[in-house]
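Chemist: Below is one structure. I have some questions about it.
The values are calculated or read from the model by the stated rules, or taken from the named source; none is laboratory data. All of these numbers come straight from a predicted model, not from anything done at the bench. Quick reminder, even Gly has a Cβ in these numbers, built from the backbone with ideal geometry, and neighbours come from all protein chains shown.
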Amino acid sequence: MIRYHVLLEPLTPIHIGSGERIAPEEYLIRDNQLVRFNASRVMADFTPGQRRTFEAMLHGGKFQEAQKRLRHSCCMEHECYRVPMGSESGGELARALNNPERKAEVHMFVRNGADGRVLIPGSSIKGAMRTALVNHFLHAEPDRFSEIKETVRQQNKKHQWRTLEESTLGFAHPEMEWDPLRLLKVGDTVVPEGRTRVDRVINWNPDKGESAKMQMHFERLMSWADSDKESFAVPVELSVDDTAAHHPCNRRRFTGYVPTWDVLTKACNDFYLQRLRDEADRFFPKPKRFDWGRLCKQNEKGYQRINLDIKKRILLRIGRFSQHESLSVDDLRQGEDKEGKPIAKGKTRNMCVADRGHLPFGWVLLTLVE
């Protein structure tokens, strides 16, 4: 087993959710923090008179008053955790809690169910690597490139990605034991307390500005783009089962497909670096409060390019709002618009409304620790 000790640094805000949205009866705002509480425990501590009053509110359809009663009755013993809030989210959600026509929902980061700590799932990192590896192996065989593309296009759209994986990674889905990504293990990572914040998310068009006044609030990781002070890195355990890869029974199937650090570095940086350049040119042509120049450097052709050491660093895009481009492999895997039409490059971006301006989501840097 080859073990790599890696540090993951969020370059821009990250949101990885479990699908959980918390509603007004599950949180309150106190000291510019979102306080998640256990509503069942609050109700369990009601006196008989408080319970009768609360039930009367529910039966009478006075749901907002019932929510206020829950929040008012919450004490420290009922709290699950606290998350700082950005100024826009704090103000808007405080107003929404008093408006019965507003949902005031908040999308929370995925957490460990046992202790409530924020997690970066290894599956999110591995999934981003898989897309880059498919792209890498597709272009690694120029003689088969046209053949593979034609085979994929002949498939039903639902099966095109599966066919592309099988053709480029050398396995068939009923035989998952031959998936070379099975050799790669990426562990879940615990995020230190205080490294997330709830902020408003907008849909941004570089030509028209904010697309619509949508109320979207997400817990996200703080990042290097917020400020040097907020920059942090967490350890990630990454390993490759080279013993299984070189076993006599497996060697023929896995030869050329083992996802070592060098293979991952080339595949991911080739794939994501161009997408970062394109995003910088399209959505941040003139650095304002978010200075891409701190993240990228100019080369002789005028492109903005991240400063990567090819042997030690991997650029990835993970989590929600990673955009269509990070899922697209040539024209063989694309996103879809609201009408179901394929999209290779999005015209808008979901941006985090941060203190330094609008920040894109998803960019992380993996650094190999010697």
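Chemist: Name every residue in the range 199-244 that is polar (S, T, N, Q), in a loop (DSSP other than H, G, I, E, B) and under 18 Å from the mean Cα position of the chain (by Cα), in order of residue number. Please lay out each step first, then the result.
Modeler: Within the range 199-244, the subset polar (S, T, N, Q) is 203, 205, 211, 215, 223, 227, 231, 239, 243.
If we keep only those that are in a loop (DSSP other than H, G, I, E, B) too, we end up with 211, 215, 223, 227, 231.
SER223, SER231, listed by residue number.
Chemist: Can you confirm whether GLU55 is of a type outside the set (A, V, I, L, M, F, W, C) and surrounded by 14 or more Cβ atoms within 10 Å (Cβ to Cβ)?
Modeler: For GLU55, the condition - of a type outside the set (A, V, I, L, M, F, W, C) and surrounded by 14 or more Cβ atoms within 10 Å (Cβ to Cβ) - is not met.
Chemist: Next question, about the same structure. Please verify whether GLY91 is within 30 Å of PRO10 (Cα to Cα), outside any loop (DSSP other than H, G, I, E, B), over 23 Å from the mean Cα position of the chain (by Cα) and of a type outside the set (Lys, Arg), treating the condition exactly as stated.
Modeler: Taking the combined requirement at face value, the residue satisfies it.
Chemist: Given (1) modelled with pLDDT of 80 or more; (2) assigned by TED's automatic domain parsing to the domain that holds VAL6, where does GLU165 come up short, assuming only one miss?
Modeler: With respect to (1) modelled with pLDDT of 80 or more; (2) assigned by TED's automatic domain parsing to the domain that holds VAL6, GLU165 is out only on (1).
Chemist: State the number of residues belonging to the range 24-44 that are among the charged types (D, E, K, R) and within 11 Å of LEU70 (Cα to Cα).
Modeler: Start the filter on the range 24-44 by keeping residues that are among the charged types (D, E, K, R), which leaves 25-26, 30-31, 36, 41.
Retained after the next criterion (residues that are within 11 Å of LEU70 (Cα to Cα)): 25-26, 41.
Residues that pass the stated criteria total 3.
Chemist: Let me ask something else about it. Taking only the range 1-15 into account, find how many residues are in a strand (DSSP E or B) and touching a Pro at 6+ places or on another chain (Cβ under 9 Å).
Modeler: So the first thing to find is which residues in the range 1-15 are in a strand (DSSP E or B), and the list is 2-10, 14.
With the extra rule that they be touching a Pro at 6+ places or on another chain (Cβ under 9 Å), the set shrinks to 5-8.
Count: 4.
Chemist: Something else: Has the range 58-66 got any residue that is of a type outside the set (Asp, Glu), surrounded by fewer than 20 Cβ atoms within 10 Å (Cβ to Cβ), within 28 Å of ARG197 (Cβ to Cβ) and not assigned by TED's automatic domain parsing to the domain that holds PRO180?
Modeler: Yes, the range 58-66 contains at least one residue that is of a type outside the set (Asp, Glu), surrounded by fewer than 20 Cβ atoms within 10 Å (Cβ to Cβ), within 28 Å of ARG197 (Cβ to Cβ) and not assigned by TED's automatic domain parsing to the domain that holds PRO180.
Chemist: Something else: Filter the range 1-30 down to the residues that are among the acidic types (Asp, Glu) and closer than 19 Å to ARG220 by Cα, then identify the one that is modelled with the lowest pLDDT.
Modeler: Keep residues of the range 1-30 that are among the acidic types (Asp, Glu), which gives 9, 20, 25-26.
In the following step, the residues that additionally are closer than 19 Å to ARG220 by Cα were identified as 9, 20, 26.
Values: GLU9: 92, GLU20: 86, GLU26: 89.
So the residue we want is GLU20.
Chemist: Which residues, counting only those in the range 66-80, are in a helix (DSSP H, G or I) and hydrophobic (A, V, I, L, M, F, W, C)? Step through it out loud before you land on a result.
Modeler: From the range 66-80, those in a helix (DSSP H, G or I) are 66-73, 76-78; that's our starting set.
Within the range 66-80, ALA66, LEU70, MET76 meet the criteria.
Chemist: Among the residues of the range 15-50, which ones are of a type in the set (Lys, Arg) and within 22 Å of ASN98 (Cα to Cα)?
Modeler: First pass over the range 15-50, keeping only residues of a type in the set (Lys, Arg): 21, 30, 36, 41.
Within the range 15-50, ARG21, ARG30, ARG36 meet the criteria.
Chemist: In addition: Identify the single condition in (1) buried (at least 18 other Cβ atoms within 10 Å of the Cβ); (2) of a type in the set (Gly, Ala, Ser); (3) in contact with a His (Cβ under 6 Å, 6 or more places away or on another chain) that GLY17 does not satisfy, given that it satisfies every other one.
Modeler: (1)
Chemist: From the list ASP241, ASP199, ASP188, which residue is surrounded by 15 or more Cβ atoms within 10 Å (Cβ to Cβ), of a type in the set (D, E, K, R), at pLDDT below 85 and in contact with a helix residue (DSSP H, G or I) (Cβ under 9 Å, 6 or more places away or on another chain)? Full working, then the answer.
Modeler: Numbers: ASP199 fails: at pLDDT below 85; ASP188 fails: at pLDDT below 85.
After ruling out the rest, the residue left standing is ASP241.
Chemist: For the range 42-63, state whether one or more residues are among the small types (Gly, Ala, Ser) and in contact (Cβ under 8 Å) with a residue 12 or more places away in the chain. It would help to see each step written out before you state the result.
Modeler: Step one: of the range 42-63, the residues among the small types (Gly, Ala, Ser) are 44, 49, 56, 60-61.
Narrowing the set further to residues that are in contact (Cβ under 8 Å) with a residue 12 or more places away in the chain leaves none.
Within the range 42-63, none of the residues are among the small types (Gly, Ala, Ser) and in contact (Cβ under 8 Å) with a residue 12 or more places away in the chain.
Chemist: Which one of ARG162, ARG102 is in a helix (DSSP H, G or I) and out of contact with any strand residue (DSSP E or B) (no Cβ under 9 Å at 6 or more places or on another chain)? Break it down into steps so the answer makes sense when it comes.
Modeler: Details: ARG102 fails: in a helix (DSSP H, G or I).
Of ARG162, ARG102, the one residue that is in a helix (DSSP H, G or I) and out of contact with any strand residue (DSSP E or B) (no Cβ under 9 Å at 6 or more places or on another chain) is ARG162.
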